[in-house]
Amino acid sequence: MSLQSFITGLPKAELHVHHVGSASPRIVSELAARHPDAGVPSDLDGLKQFFTFRDFAHFIEVYLAVVGLIRTPEDIRLLTYEVAREMAEGQNLRYAELTCTPYTSVLAGIAIEGYTEAIEDARVAAERDFGLVLRWIYDIPGESGIPAADATLEYALRHRTDALVGFGLGGPETGVPRAQFREHFDRARAAGLHSVPHAGETTGPETIWESLRLLGAERIGHGVSAARDPELLAHLAETGVVLEVCPTSNIATRAVDRIEDHPLRTFVDAGVAVTINSDDPPMFATTLSQDYEVAADLLGLDEAGVADLARAAVAASYAPDDVKARIGAEIDAYAAADRRVPGDTP
Ligand SMILES: [Zn+2]
């Protein structure tokens, strides 16, 4: 079996992947057909062209076009269920923490009650139909400031579902000081939600320090710039704060210039816990499996090494203990079965 096929079939968990950002051309074509007035092409070939990654500005254009197609709870349900299908079928994701931005959908006219019901419906159906366990992270779109933070906290606390495990912060980092969200994270954490902000993707290590000190970050989305601060690397290693590394995304957004310059190796060498993730996979022309391949290449991993990456994601997840144990056992069984196939490695 090639490393590529091993990775495809490997039972995997993903911790940093955005809800709307996971809409594939196939899913967008279904949404576009439901809302022909939006002017988004519904033919698959046209959409695949539209999705072809050009630069960050074009990514934002695609992202906003998809946002404009999500107008009703049924759109949310369809998006979530179909994203789950694509995670499970063809990639063997067994668990995912999907980062949702309810603020954007409520702004588009969907009541939070309808939103919550739709994602929960899709979650239950995805577990039943695809065996994929989903959990939610609600993130504040940082560029929308305090009103978005207030609303997101309210959705998290007053409209909470049991499947909500984390509270995040996304959007641009420049000009969006972390300190302004301190109280929101305090209250979310007091309610038992895990703190998982994006930090150090496009700004320096000081944003990661602030996220640790002010927001109580337990995992950091991206954390690319941690590589420039040995003291921070040592601190992350010592405290066990996990970096959610998204290699393909980092190249697409130019957080890192070239893949050979990606700091993943530096993190691992420093003893920092890392997980591999795909962020907004169809929009960055990637999949979780492809990002595992990139990581395997950067780290020089064989099958046993990538199985360890999968185990690390399960360990860093906020899945219930029985789900963690079950997926861990699936990974062990899969890796053991691979070892029994003689002389078939590339
Ligand atoms: Zn992200």
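Here are a few things to note about the model shown:
- Take the Cα of SER5, step 7 Å toward its Cβ, do the same at ARG228, and the gap between the two points is 4.4 nm.
- For the stretch 49-117, trypsin sites (Lys or Arg not before Pro) meeting the loop criterion (DSSP other than H, G, I, E, B) and having at most 16 other Cβ atoms within 10 Å: ARG54.
- Size descriptors for the stretch 146-290 (Cα atoms only): Rg and Dmax, in that order, 15.1, 45 Å.
- Per-selection metrics, the stretch 59-184 (Cα): Rg and Dmax in Å: 14.7, 43
- Given their separation in residues at 0.36 nm each and the Cα-Cα distance between them, ASP150 and TYR63 gain 29.0 nm when the chain is fully extended.
- Percent of alpha-carbon pairs separated by more than 31 Å within the chain: 29
- Here the peptides 97-108, 242-253 are ranked by packing, the mean other Cβ count within 10 Å, and the order with the highest first is 242-253, 97-108.
- Residue-averaged [θ]222 nm for the chain, counting only DSSP H segments that reach four residues, each worth -39500 (n - 2.57): -15500 deg cm²/dmol
- Contour excess over end-to-end distance, with Cα ends at ARG340 and ALA33 and 0.36 nm allotted per residue: 105.8 nm
- Prolate/oblate/rounded label for the stretch 1-145 (Cα gyration tensor, a/c 1.5): oblate
- Given R0 = 22 Å, the distance between the Cβ atoms of ALA237 and ALA315 translates into a calculated FRET efficiency of 0.90.
- Taking other C-beta atoms within 10 Å as the exposure proxy, SER144, SER289, SER317 rank SER144, SER289, SER317 from fewest upward.
- Nitroxide proxy distance, nm - points 7 Å out along Cα→Cβ at GLU260 and ARG128: 5.2
- ARG54/ALA190 FRET efficiency (R0 45 Å; Cβ-Cβ; nearest 0.05): 0.55
No value in this document is a laboratory result; all are computed from the given coordinates. No experiment lies behind these values; they were computed from the predicted model shown. Note: ideal-geometry Cβ built from the backbone for every residue, glycine included; neighbour counts use all protein chains shown.
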